[in-house]
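The values are calculated or read from the model by the stated rules, or taken from the named source; none is laboratory data. Worth saying up front: this structure is predicted, and the values here are computed from it rather than measured. Note: ideal-geometry Cβ built from the backbone for every residue, glycine included; neighbour counts use all protein chains shown.
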Amino acid sequence: MADREIDEATGVETMGHEWDGIKELNNPLPRWWLWTFYATILFSIAYMIYYPAIPLLEASTPGISGQTNRTALKAEIAEADAAKAGLVKRIAESNLETIRSTDELARFAVAGGASAYKVYCSQCHGSGAQGGPGYPNLNDDDWIWGGDLEAIYTSIKHGIRNGEDDDARDSLMPAFGSDEVLELDEIRQVVQYVLQVSGQEHDAERAALGAEIFGDNCAACHGDNAAGDQDIGAPNLADAISLYGNSAERLEAQIYNPQHGVMPAWQTRLSDETIKQLAVFVHSRGGGE
Amino acid sequence: MAKVNIIDTTLGNVTTPLPGDGVERIDAEAVNSKENRSLYEARKKIHPQRATGTFRKFKWIVMIITLGIYYLTPWIRWERGHGLPDQAVLLDLANRRFYFFMIEIWPHEFFYVAGMLVMAGIGLFLVTSVLGRAWCGYTCPQTVWVDLFLVVERFFEGDRNARIKLDASPWSSSKLYKRVAKHTVWIVISVLTGGAWIFYFADAPTLLSDFVAGNSAYVAYATVGILTATTYVFGGLLREQVCTYMCPWPRIQAAMLDEKSLTVTYNDWRGEPRSRHAKKMRKDGVPTGDCVDCNACVAVCPMGIDIRDGQQMECITCALCIDACDNVMSKLGLEKGLIAYATLEDYEANMALAGAGKHISEPVITPENVRDKAGKLSEKVSSFSPKVFLRTRTLIYLGIYAAIGIFMITHLTMRDRLDVKVLHDRNPQFVVLSDGSIRNGYEVKILNMKGEAQQFLITVGGLRGPLISEAGSKGIPRNWLATEVQPDQTRAIKVFLTMRPDRIFQSSTPFTFTVSQMGSTDQKTVKTIFNSALEN
């Protein structure tokens, strides 16, 4: 260009324009900067060839590395699985009592069980295993089907009243009210008796009448002293814990037309090692026998 | 000094005979001198000449000590026993422990390190206010490693003049050999420097064999690679540019100097007017200062400045110009210290004595004013007195420095080697048991920071008839719980606390866990709460 102007002080060419007497020098980019810039361009081309980069209609260009977040995740999961494979194998080979009493295995089982619990169990039993009406609290020491490791393991493996597993826990309490086995007043007398044996406020006179009716109708399953029978899944009525609530109304409703909870047979969905870990985890919650 | 070796004439390109005073005038230009400084100029390479003298000797000693500390510290062993690392200084990141001889620091005690950094900062203030940029000139790794690299450079390529010549000469097999040899040794030093660093983070002997065998972690190789590169580039190629352009220190330190700080000073009150022909001029009765303009101070300067321009940001106060000038002064039979450590206060007093203005730009100096009739330096000349060390500012720095140090040492010697943390279960908050009693769960974490396994007793205070049991244990619940914690370990114990319902009166009852070490008075009490369904 003809109007190329050289700045006197620096000897550098100016950009040729001027604002309020200020001119901009046309210094070249520093060489190192320029080469770094070219290097980043080369890098980006290599990157686009190597990794998935250009979005197309359905997917992006795959890149020669075959790298995707999904495969990376799969690889990480496989790596994590491989890392714990040794312990998982030992869990599979050990019986429940050995797992519980071996510090290393117990730690692993409780951690693994806690994680499986959150995914498969917490929906019904609650995130803290505290249960709710109809869903047993797994922290306490009251067990319907038994609270030792084997019993817990069996309950998880085969489930309860699910109709899909031949070995599922099963029990059925008659509907004393709706099937007209007992009169409503008789039911209410039994309720007074149950309140009495579970240490609550009650009418002693009616409870005495209820005791007789209990002996004839209920003791076969729940036992003479209402202590229940874990072999047939008859709950202990003489304690402070009640699956469907221990108020007079709740007890009456449960005798009149009982509710029956259902639990899936987890052996169809979970591996035996996972069920073992879950059993040890539940056992560790504080109520395990 | 019997023989003053100002320049190694066997290597030099001396073409003119020495002047009458026997001092060679070096054709040295301060590449970073005030006049030459330009924002638009490419860097000119500096070829510092080898200096000899007191400060150079001192710097050699400092170099040996600092490099020795750096390279050898990881190899010092310190028996701790019980499977603990036996390395005296170890930053064990994987296990989150910091070992320093008899001191072991856990992550929650990291404030000791913060305290040390604060002390380092204050210490720097203290040293700077007394001795100027002593850190830069003597102990900064940049200075030390550049010095080391210069030794290598000088070994292969010769001293200043030979190197200048070599730079200018066309490529030849000898030049190629010198360059390759120099860079090879530099890279070896760099690898060793980067390599030594990683030994602070793992057991040194194990790491060394793993590293050589190719079995170390990727991060070890990456760290060594990066530090090798920075050492080589900073020490071999960038050199003084690191100090001038990259380092924030010079700017901070320069701001902390005051009129009583000792800095490397050219005493123009006795040096000016300088002349290359001082002897002749004195004979002719022309007032002449002590500086014979031999440029020895410029030739040795690793920063490429001319100290005679006065205090400059580039000056790292390495004091090599003092050595160079002292040698010349001895040869001329004059007092040493034309360039010397001096305070600004003394300098200005002497300038006034010499009749000059306060600033270097008013150099009307009369050399006779500073000398007595016998030609010796006048008694009126102010000179260094140790009293400058004792001034309010330095005493305040020293006070803060000592206070933090004493606090930290006291704290360190009295610190607990037992810590307990209690976490109350939140989900569920409490559990009703079949007999109606209430159970709460807690995670009790016991940090046994001692080097031996310890037995601990957990007891409860503030509750009536509590029963403690460890989760998963089949023991009968009691009102205490015993447990063992391995040396230098944290143990988390899941504890259940069960209370009869008739002994609880609040929905949330505050109480304490006390963890006592058996056979010792060490104990720790932690507050927490016991929850129940009661409403109030």
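Annotations for the structure displayed:
- Subset of the range B:383-434 that is among the small types (Gly, Ala, Ser) and part of a helix (DSSP H, G or I) - its residue that is surrounded by the most Cβ atoms within 10 Å (Cβ to Cβ): B:405
- For residue A:23, the stated conditions do not hold, so it cannot be described as surrounded by 10 or more Cβ atoms within 10 Å (Cβ to Cβ), assigned to a helix (DSSP H, G or I) and not assigned by TED's automatic domain parsing to the domain that holds residue A:157.
- Residue A:278 being in a loop (DSSP other than H, G, I, E, B), within 19 Å of the chain's Cα centre (by Cα) and under 21 Å from residue A:168 (Cβ atoms): no
- Candidate set: the range B:435-460, residues that are basic (Lys, Arg) and part of a strand (DSSP E or B); chosen: the one farthest from residue A:147 (Cα to Cα): B:445
- Taking the conditions (1) surrounded by fewer than 17 Cβ atoms within 10 Å (Cβ to Cβ); (2) more than 12 Å from every other protein chain (Cβ to nearest Cβ) in turn, residue A:273 satisfies each one other than (1).
- Considering B:497, B:463, the condition of being part of a loop (DSSP other than H, G, I, E, B) and either among the aliphatic types (A, V, I, L, M) or within 11 Å of chain A (Cβ to nearest Cβ) (or both) is satisfied by B:463 alone.
- From the options B:333, B:310, residue that is surrounded by fewer than 18 Cβ atoms within 10 Å (Cβ to Cβ) and in contact (Cβ under 8 Å) with a residue 40 or more places away in the chain: B:310
- Contacts under 7 angstrom Cβ, first residue in the range B:430-448 being within 23 Å of residue A:245 (Cβ to Cβ) and facing another protein chain (nearest Cβ under 10 Å), partner surrounded by 21 or more Cβ atoms within 10 Å (Cβ to Cβ) and basic (Lys, Arg), 6 or more apart: B:430/B:439; B:431/B:439; B:433/B:439
- One residue stands out among those in the range A:243-270 that are part of a loop (DSSP other than H, G, I, E, B) and among the polar types (S, T, N, Q): the one that is farthest from the other protein chains (Cβ to nearest Cβ), which is A:257.
- Of everything in the range A:1-39 that is more than 60 Å from the chain's Cα centre (by Cα) and of a type in the set (Gly, Ala, Ser), the residue that is modelled with the highest pLDDT is A:21.
- Of the helices (runs of 4 or more DSSP H) entirely within the range B:72-178, those holding at least 2 residues that are over 25 Å from the mean Cα position of the chain (by Cα) and among the acidic types (Asp, Glu) occupy B:141-157.
- Scanning the range A:147-170 for residues that are within 22 Å of residue A:240 (Cβ to Cβ) and part of a loop (DSSP other than H, G, I, E, B) yields A:147, A:148.
- Selection status of residue A:144, surrounded by 15 or more Cβ atoms within 10 Å (Cβ to Cβ), assigned to a loop (DSSP other than H, G, I, E, B), within 14 Å of another protein chain (Cβ to nearest Cβ) and among the aliphatic types (A, V, I, L, M): yes
- Taken over the range B:408-455, the criterion of being out of contact with any Gly (no Cβ under 6 Å at 6 or more places or on another chain), over 22 Å from residue B:506 (Cα atoms) and of a type in the set (A, V, I, L, M) is satisfied by B:409, B:412, B:414, B:418, B:420, B:444, B:446, B:447, B:449, B:453.
- Selection over the range A:126-136 of residues that are facing another protein chain (nearest Cβ under 7 Å), under 14 Å from residue A:284 (Cα atoms) and in contact with a Lys or Arg (Cβ under 9 Å, 6 or more places away or on another chain) gives a count of 1.
- Matching residues in the range A:222-233 - criterion: being buried (at least 20 other Cβ atoms within 10 Å of the Cβ) and either within 32 Å of the chain's Cα centre (by Cα) or free of Cβ contacts under 8 Å to residues at least 24 places away in the same chain (or both): A:222, A:228, A:233
- Test: residue in the range B:259-268 that is assigned to a helix (DSSP H, G or I) and not assigned by TED's automatic domain parsing to the domain that holds residue B:135: yes
Yes/no matrix, rows are residues, columns are (1) within 14 Å of another protein chain (Cβ to nearest Cβ); (2) in a loop (DSSP other than H, G, I, E, B):
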position: A:98; (1), (2): yes, no
position: A:108; (1), (2): yes, no
position: A:140; (1), (2): yes, yes
position: A:181; (1), (2): no, yes
position: A:185; (1), (2): no, no
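- One residue stands out among those in the range B:30-40 that are modelled with pLDDT under 70 and loosely packed, with under 11 Cβ neighbours inside 10 Å: the one that is nearest to the other protein chains (Cβ to nearest Cβ), which is B:40.
- The listed residue being in contact with a strand residue (DSSP E or B) (Cβ under 7 Å, 6 or more places away or on another chain), surrounded by fewer than 14 Cβ atoms within 10 Å (Cβ to Cβ) and either over 29 Å from residue A:198 (Cα atoms) or not assigned by TED's automatic domain parsing to the domain that holds residue B:97 (or both), out of B:466, B:501, B:477, B:510: B:510
- Number of the exception - residue A:11 against (1) on the phi > 0 side of the Ramachandran plot; (2) within 14 Å of another protein chain (Cβ to nearest Cβ); (3) not in a loop (DSSP other than H, G, I, E, B): (3)
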